[in-house]
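Take a look at the structure set out below.
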Amino acid sequence: MPQLRRFKPYTGPSFRRAQIIRLGRLLDMEYKPSEIADEIGIDVSAVYQSYLPNGCPHRRDKNNHIWIHGTSFAGWVKEIVERNKKVPGFPLDEDEAWCVKCCKVVTMLDPHERKIKTNLNMIYGKCSVCSGKVNRLKSGKVK
Ligand SMILES: [Zn+2]
């Protein structure tokens, strides 16, 4: 059953700093998933459950074994890391919100704040891309 609402949109695999540093060890050659996992210090299940379904470059040989090219993999991880930086890693800027229609962070037009609870405001605005309604929560008092 699909999860209906997540507070934080799923942004795909994430990598720790130590793992990113280890990418430098990967060579211009093909690795088995278990070898890649060893090299960068992750569990091999992450390769199968997270990386491959999320677009990690790989190939299957005729025996259905998966091979991952070291430097291509490193490039892919760096792309993900860059992308994750731009995705609502939060904090968003004051005038930004997540647009459900555009599936990305957008600038809010005509933002206005309304108090919905003690120390919790909702900012309502319009998506600068699709003009749909966007809103976000903000803690703090109404100015
Ligand atoms: Zn939008």
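The values are calculated or read from the model by the stated rules, or taken from the named source; none is laboratory data. Here the structure is a predicted model, which is why all the values come from computation and not from measurement. Glycine gets a Cβ as well: all are built from the backbone with ideal geometry, and neighbour counts include every protein chain shown.
Here are the numbers:
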{"quantity": "Positions within region 28-52 being closer than 14 Å to A74 by Cα, in a helix (DSSP H, G or I), of a type outside the set (A, V, I, L, M) and in contact (Cβ under 8 Å) with a residue 12 or more places away in the chain, in sequence order", "calculated": "P33, E39, Y51"}
{"quantity": "Top-ranked residue of region 23-47 - restricted to ones that are of a type outside the set (A, V, I, L, M) and touching a strand residue (DSSP E or B) at 6+ places or on another chain (Cβ under 8 Å), ranked as surrounded by the fewest Cβ atoms within 10 Å (Cβ to Cβ)", "calculated": "D28"}
{"quantity": "Among residues of region 124-143, those that are modelled with pLDDT of 90 or more and among the β-branched types (V, I, T), counted", "calculated": "2"}
{"quantity": "Selected residue (criterion: modelled with the lowest pLDDT) from residues of region 83-123 that are out of contact with any Phe, Trp or Tyr (no Cβ under 9 Å at 6 or more places or on another chain) and among the basic types (K, R)", "calculated": "K86"}
